[in-house]
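Next up is a structure, given as structure tokens.
The values are calculated or read from the model by the stated rules, or taken from the named source; none is laboratory data. This one's a predicted model, so the numbers in the text were calculated from it and none came from an experiment. Note that we place each Cβ from the backbone using ideal geometry, even for glycine, and neighbour counts take in every protein chain shown. Surface accessibility is based on the protein's heavy atoms, side chains included, excluding ligands, DNA and RNA. Shrake-Rupley method; radii C 1.70, N 1.55, O 1.52, S 1.80 Å.
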Amino acid sequence: MARGLSVLAFLTLRLAFATTSTDLARDLQQISLDPDQCYRVIELNFAKEDIKVYLNSGYLVFSKPVGGVRTGAVFLASSEAGDAEILLMPPVRSERFSLATFAESPNMDEHFKSAAFVFTDSTASELLARLQDSAAKKTPEFGAMINDSWTPVLRNLTGSFATRLVYDLLSKDPKSGLFYMAITGDRLGNFDVLYDPSSREQIFAGKLSYRNNRAYFDTWTSFESRSVRNGAPLPKPKFSLDNFRIDATIEPDLTMKAVTRATLTPKEKLGPTLPFYISENMRVTEVSIDGQPAEIFDRESLRADLIAGADNGQFLVIPPTELDSSKPHEIEMHHEGQVILKAGRDVYYIASRGNWYPRHGPEFSNYDLTFHYPRNLTLVATGRLADDRTEGNLHTTRRVTDTPVRFAGFNLGDFQSISVTQGGNKIDVYSNRHLEAALQPKAAPPPVPLPPAFSRSRRIDTSAPDTPPPADPAARSEQLARDVAAAYEYMQAQFGPPPLPNIAITPIPGTFGQGFPGLVYLSTLAYINPEQRPAGLRDRSQQVFYSELLDAHEVAHQWFGNLVIPASYQDEWLMEGLANYSALLLLEKKKGAKAAASVLDEYRNHLLSKSDSGHTLESSGPITWGHRLQSSLTPTAWRAITYEKGTWIMHMMRRRLGDQAFLSLLREVCAKYRFNSISTEQFRELAAKYSQPKTADANFKAFFDTWVYGTGIPAVKLSYALHGLKLTGTLAQRDVPDDFSALVPVEVTTRSGKSVHWLSTGSDPVPFTLAVKLPPTKVALLSNDCLLTSAK
């Protein structure tokens, strides 16, 4: 009997710990309200750091427990007089501006009658304890009445955070748990508020919106919580991955099946669950750690992914036992899916370029990549070629990186190639043998048939017109090879050694490019002759982009984006601004200053173009907002501000510092942050080292406040007069906020030469006085050196 009880006790204990992610997911999917935990609440107030919630009068119904935790609740006002309120005050100007843009007020003070909550922190236990201590009245009849209408709402929201909820429930750490509210406001309608201690920015408010049948998650505001601003440490990754060994097979139908092996190194206590990311086009089928099978949880979490602005899907790995955090572990993950799409005859589009294999974060790692694929195709990938052979119908290629890289990519096609060696670098340019379907010429419509007699009398040709010949997808391959070799040599001389000595240029359908370590994806439009590009892409600016800038921009990403990486999404503009300005420096070297100035003029005009709201595109938000700029209000603002204003910021810094100091700054960025990340503030601090002493704003703080953390392109009017050898005048600005202020360049020309003075603007005309040795022959604003327009 005793032995039987012992076995029973053991089985009971084993079952108590046998809850799997699948069990939790099933229970979350079937979550429902608990009428027995419905309370009549009056003045029930609580806060999540900067978020303050006031449930003034109404009913609060909690969900039934999942895994022993209540993960949801619903609030409903008790009557027309019932009410609740949420207060949120962003701590910095740019976030108040953002909130005002979307919610028409810099601070949120919104009343609401209903809200649904999802949480894995201590919210449920704390509120229930307060309700029980206050002897709040239970109203199970009201809970039963709303159960059928509100349980589906709660299930939908819970499903939107499925992966995160399972992770938190398995981790059982309420301090890092999630708190989320879906609110129907009296004035703002439906919107979301989130407090997530594990996020880089803990406070979030925004709304799911639609424009032209496309979903956008508009970020109204996102910022660090009060505790972090006061010095609490930011969350850090619990582990890193290195020593990637990937063996991938591409089937004839383009399905990929791969095994990724890596070394997992703990950075702190790991806990029972490990999060990873992979393309939504891939499915992880099997995982083992140190040879032991692990459980996989992989569910779509739509709202969580939209809020994070992520292109990846998150999945969880649950080891059979908690891992020893004092030593590294070997992880093996099997995954498969369709990351390669057909774009024409033997032309392919790699849809998942940086996330086709599981990753944890943007850490630098070593890679050993082996691909097996149809023998009639060519595959190019990151790294040095270590093996290349054909056996039967299968072609095998192995690539190895000799230095750590940010991520690994590949491209596939029926390629032809040419190679150039210059300055110790090997440049391979691959081009398609066939044109992608989207660029195939369209046959002209047949003519309207005419009566024979009419045609004969007027000698009209009634035969069908010929289809124009297709463009040659390899027409500019040799020119590209020369251009890339020259760019690689120039940038290596300016910025130091790249992460990898060789680079492969490969085509990709579309109008964009992307620079990976040792591998560049370049729009097919860069490969074909300018006169054969689509009619809408033949103007001068488009021709310069595809023939002069795109390849150099992507080459520059070998340094800015691969050698040095951004510290967060707020710093991604640095990589694009530096890469694009590097391409502009090369254009200036090849074609002269006027060619570069012309591109900058086009960027300025585009930034000054008006959005649907009547505001300039540049005023959509500061450049540090990153992907947040791509909103339902201004879908094109992210690209314009990140690339074009980013280029202007670098140009203005160059003019402030001088050419030699500016290039020295870029060299130090690459040397100091080699294989590391850099933030916007670290870049500013480094730039300040190269300022001339005793110059205005030598630390660049005002410059960054104006151009990086702020918005505005001023129209500036220069007025001046000469009194003896003293030049006096004013600078007046308009078309910018009253608190906008900038240093703008004024050039004074005399018979003995030219001098440039950086002078202040302001909401009122700002006076200046300059001593001159000779009477000026010309005094002018240098609009080519600063992002402004001249006002009359």
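As an exercise: evaluate MET333 against (1) without any contact (Cβ under 8 Å) to a residue 12 or more places away in the chain; (2) buried (at least 18 other Cβ atoms within 10 Å of the Cβ) and give the number of the one condition it does not meet.
Failed condition: (1).
Can you tell me which condition PHE117 does not meet? The list is (1) touching a strand residue (DSSP E or B) at 6+ places or on another chain (Cβ under 6 Å); (2) modelled with pLDDT under 95; (3) within 27 Å of ASP298 (Cα to Cα); (4) of a type outside the set (Lys, Arg), and all the others hold.
Exception for PHE117: condition (2).
Turning to a different aspect of this structure: Identify the residue in segment 130-161 that is more than 23 Å from TYR180 (Cα to Cα), in a loop (DSSP other than H, G, I, E, B) and touching a residue at least 60 places away in the same chain (Cβ under 8 Å) and, among all such residues, is least open to solvent (accessible area, probe 1.4 Å).
Restricting to residues being more than 23 Å from TYR180 (Cα to Cα), in a loop (DSSP other than H, G, I, E, B) and touching a residue at least 60 places away in the same chain (Cβ under 8 Å), the top hit is THR139.
On the basis of being assigned to a helix (DSSP H, G or I) and over 17 Å from PRO65 (Cβ atoms), does SER114 make the cut? Before the answer, list the steps.
Details: assigned to a helix (DSSP H, G or I): no; over 17 Å from PRO65 (Cβ atoms): yes.
Here the answer is no, as SER114 does not meet what is asked.
May I pose another question? Mind checking which residues of segment 508-528 are at pLDDT 95 or above, open to solvent by 20 Å² or more (accessible area, probe 1.4 Å) and closer than 17 Å to ALA437 by Cα?
none
Looking only at segment 23-40, filter to residues that are open to solvent by 70 Å² or more (accessible area, probe 1.4 Å) and not in a strand (DSSP E or B); which one of those is nearest to THR273 (Cα to Cα)?
ARG26
Counting only residues that are under 15 Å from GLU363 (Cα atoms) and touching a strand residue (DSSP E or B) at 6+ places or on another chain (Cβ under 7 Å), which one in segment 558-571 is most open to solvent (accessible area, probe 1.4 Å)?
Looking at the filtered set, the residue picked out is ALA567.
Restricting to segment 385-408, name every residue that is within 32 Å of the chain's Cα centre (by Cα) and either β-branched (Val, Ile, Thr) or surrounded by 14 or more Cβ atoms within 10 Å (Cβ to Cβ) (or both). Reasoning before the result, please.
Taking segment 385-408 and keeping what is within 32 Å of the chain's Cα centre (by Cα), we get 385, 397-408.
Passing the criteria: LEU385, THR397, ARG398, ARG399, VAL400, THR401, THR403, PRO404, VAL405, ARG406, PHE407, ALA408.
Which residues, counting only those in segment 164-179, are outside any loop (DSSP other than H, G, I, E, B) and more than 27 Å from the chain's Cα centre (by Cα)?
So the first thing to find is which residues in segment 164-179 are outside any loop (DSSP other than H, G, I, E, B), and the list is 164-171, 174-176, 179.
If the condition is that a residue be outside any loop (DSSP other than H, G, I, E, B) and more than 27 Å from the chain's Cα centre (by Cα), then LEU169, LEU170, SER171, PRO174, LYS175 are the ones that fit.
Still on this model: Taking SER677, is it open to solvent by less than 50 Å² (accessible area, probe 1.4 Å), closer than 17 Å to MET575 by Cα and not in a helix (DSSP H, G or I)? Show your work before the answer.
Working: open to solvent by less than 50 Å² (accessible area, probe 1.4 Å): yes; closer than 17 Å to MET575 by Cα: yes; not in a helix (DSSP H, G or I): yes.
Answer is yes for this residue.
Would you mind stating whether LEU600 is assigned to a helix (DSSP H, G or I), modelled with pLDDT of 95 or more and surrounded by fewer than 22 Cβ atoms within 10 Å (Cβ to Cβ)?
Details: assigned to a helix (DSSP H, G or I): yes; modelled with pLDDT of 95 or more: yes; surrounded by fewer than 22 Cβ atoms within 10 Å (Cβ to Cβ): yes.
Yes.
Report every pair of residues separated by at least 6 positions or lying on different chains whose Cβ atoms are under 6 Å apart, first residue within segment 307-329 and under 15 Å from SER279 (Cα atoms), second open to solvent by 40 Å² or more (accessible area, probe 1.4 Å) and at pLDDT below 90.
Between residues of segment 307-329 that are under 15 Å from SER279 (Cα atoms) and residues that are open to solvent by 40 Å² or more (accessible area, probe 1.4 Å) and at pLDDT below 90, the close pairs are PHE315/ASP298.
Here is a further query. Taking the conditions exactly as written (basic (Lys, Arg), under 16 Å from LEU519 (Cβ atoms) and in contact with a Phe, Trp or Tyr (Cβ under 8 Å, 6 or more places away or on another chain)), does ARG353 satisfy them or not? Explain how you work it out, then say what you get.
Working: basic (Lys, Arg): yes; under 16 Å from LEU519 (Cβ atoms): yes; in contact with a Phe, Trp or Tyr (Cβ under 8 Å, 6 or more places away or on another chain): yes.
Here the answer is yes, as ARG353 does meet what is asked.
Taking the criterion of being in contact (Cβ under 8 Å) with a residue 12 or more places away in the chain, out of contact with any Leu (no Cβ under 6 Å at 6 or more places or on another chain), closer than 25 Å to MET650 by Cα and part of a strand (DSSP E or B), would at least one residue in segment 689-710 satisfy it?
no
Among ALA182, ALA215, which is in a strand (DSSP E or B) and under 24 Å from ALA25 (Cα atoms)? Lay out the reasoning, then the answer.
On the way: ALA215 fails: under 24 Å from ALA25 (Cα atoms).
None of the others qualify; the one that does is ALA182.
Could you figure out which of (1) in contact with a helix residue (DSSP H, G or I) (Cβ under 6 Å, 6 or more places away or on another chain); (2) open to solvent by 20 Å² or more (accessible area, probe 1.4 Å); (3) farther than 28 Å from ASP218 by Cα isn't true of HIS606?
Among (1) in contact with a helix residue (DSSP H, G or I) (Cβ under 6 Å, 6 or more places away or on another chain); (2) open to solvent by 20 Å² or more (accessible area, probe 1.4 Å); (3) farther than 28 Å from ASP218 by Cα, the lone unmet condition for HIS606 is (3).
Sticking with this structure for a sec: Please work out which one of (1) in contact (Cβ under 8 Å) with a residue 60 or more places away in the chain; (2) closer than 27 Å to LEU607 by Cα; (3) open to solvent by less than 50 Å² (accessible area, probe 1.4 Å) is the condition GLN682 fails and give its number.
Unmet for GLN682, out of (1) in contact (Cβ under 8 Å) with a residue 60 or more places away in the chain; (2) closer than 27 Å to LEU607 by Cα; (3) open to solvent by less than 50 Å² (accessible area, probe 1.4 Å): (3).
Regarding segment 323-330, can at least one residue be identified that is closer than 21 Å to LYS257 by Cα, surrounded by fewer than 20 Cβ atoms within 10 Å (Cβ to Cβ) and modelled with pLDDT of 95 or more?
First, pick out the residues of segment 323-330 that are closer than 21 Å to LYS257 by Cα: 330.
Next, from what is left, pick out any that are surrounded by fewer than 20 Cβ atoms within 10 Å (Cβ to Cβ): 330.
Keeping just the survivors that are modelled with pLDDT of 95 or more gives 330.
Checked against the condition, which is being closer than 21 Å to LYS257 by Cα, surrounded by fewer than 20 Cβ atoms within 10 Å (Cβ to Cβ) and modelled with pLDDT of 95 or more, segment 323-330 yields at least one hit.
Hey, among the residues in segment 70-84 that are modelled with pLDDT under 95 and of a type outside the set (Gly, Ala, Ser), which one's nearest to LEU154 (Cα to Cα)?
The extreme case among them is ASP83.
So which residues in segment 75-107 are under 30 Å from PRO140 (Cα atoms) and in a loop (DSSP other than H, G, I, E, B), if there are any at all? Spell out how you get there, then give the answer.
Step one: list which residues in segment 75-107 are under 30 Å from PRO140 (Cα atoms), which gives 75-87.
Residues satisfying the conditions are SER78, SER79, GLU80, ALA81, GLY82.
Which one is nearest to THR711 (Cα to Cα), of the residues in segment 636-668 that are open to solvent by 40 Å² or more (accessible area, probe 1.4 Å) and under 20 Å from the mean Cα position of the chain (by Cα)?
Going through the qualifying residues, I end up with TRP638.
Taking the residues in segment 48-74 that are in a loop (DSSP other than H, G, I, E, B) and charged (D, E, K, R) as candidates, determine which candidate is most open to solvent (accessible area, probe 1.4 Å). Before the answer, list the steps.
First pass over segment 48-74, keeping only residues in a loop (DSSP other than H, G, I, E, B): 49-50, 64-65, 67-68, 70-71.
Next, only the ones that are charged (D, E, K, R) stay: 49-50, 64, 70.
Values: GLU49: 47, ASP50: 9, LYS64: 96, ARG70: 50 Å².
So the residue we want is LYS64.
Moving on. Cβ-Cβ below 6 Å, separation at least six or inter-chain, first residue in segment 74-102 and of a type in the set (Val, Ile, Thr), second open to solvent by less than 30 Å² (accessible area, probe 1.4 Å): which pairs?
Within 6 Å, the pairs are VAL74/VAL61; VAL74/ALA116; ILE86/VAL53; ILE86/GLU110.
Identify, by number, the condition in (1) open to solvent by 30 Å² or more (accessible area, probe 1.4 Å); (2) assigned to a strand (DSSP E or B) that ARG353 doesn't meet.
Evaluating ARG353 over (1) open to solvent by 30 Å² or more (accessible area, probe 1.4 Å); (2) assigned to a strand (DSSP E or B) leaves (2) as the failure.
Then there is this: Write out, first by first residue and then by second, each pair whose Cβ atoms fall under 8 Å of each other, whose residues are 6+ apart or on separate chains, and whose first residue, in segment 409-438, is closer than 20 Å to ARG399 by Cβ and open to solvent by 60 Å² or more (accessible area, probe 1.4 Å) while the second is in a strand (DSSP E or B) and aliphatic (A, V, I, L, M).
Here the result reads SER417/VAL429; SER419/ILE427; SER419/VAL429; THR421/ILE427; LYS426/VAL420; LYS426/ILE503, each pair linking segment 409-438 to a residue that is in a strand (DSSP E or B) and aliphatic (A, V, I, L, M).
Looking only at segment 494-502, decide whether some residue is surrounded by fewer than 21 Cβ atoms within 10 Å (Cβ to Cβ), in contact with a Gly (Cβ under 8 Å, 6 or more places away or on another chain) and in contact (Cβ under 8 Å) with a residue 60 or more places away in the chain.
Pass one, segment 494-502, residues surrounded by fewer than 21 Cβ atoms within 10 Å (Cβ to Cβ): 494, 496-497, 501-502.
Narrowing further to those that are in contact with a Gly (Cβ under 8 Å, 6 or more places away or on another chain): 501-502.
Still in the running and in contact (Cβ under 8 Å) with a residue 60 or more places away in the chain: 501-502.
Scanning segment 494-502 turns up at least one residue that is surrounded by fewer than 21 Cβ atoms within 10 Å (Cβ to Cβ), in contact with a Gly (Cβ under 8 Å, 6 or more places away or on another chain) and in contact (Cβ under 8 Å) with a residue 60 or more places away in the chain.
Which of the residues spanning segment 88-129 are surrounded by fewer than 15 Cβ atoms within 10 Å (Cβ to Cβ) and within 23 Å of LYS175 (Cβ to Cβ)? Outline the logic, then answer.
Within segment 88-129, the first condition is being surrounded by fewer than 15 Cβ atoms within 10 Å (Cβ to Cβ), and the residues that meet it are 91-93, 104-105, 107, 109, 122, 125-126, 129.
Of everything in segment 88-129, those that are surrounded by fewer than 15 Cβ atoms within 10 Å (Cβ to Cβ) and within 23 Å of LYS175 (Cβ to Cβ) turn out to be PRO91, SER122, SER125, GLU126, ALA129.
Okay, moving on. Between ARG164, ARG200, ARG187, ARG211, which is charged (D, E, K, R), at pLDDT 95 or above and open to solvent by 10 Å² or more (accessible area, probe 1.4 Å)? Spell out how you get there, then give the answer.
Values: ARG164 fails: at pLDDT 95 or above; ARG200 fails: at pLDDT 95 or above; ARG211 fails: at pLDDT 95 or above.
Exactly one of ARG164, ARG200, ARG187, ARG211 is charged (D, E, K, R), at pLDDT 95 or above and open to solvent by 10 Å² or more (accessible area, probe 1.4 Å), namely ARG187.
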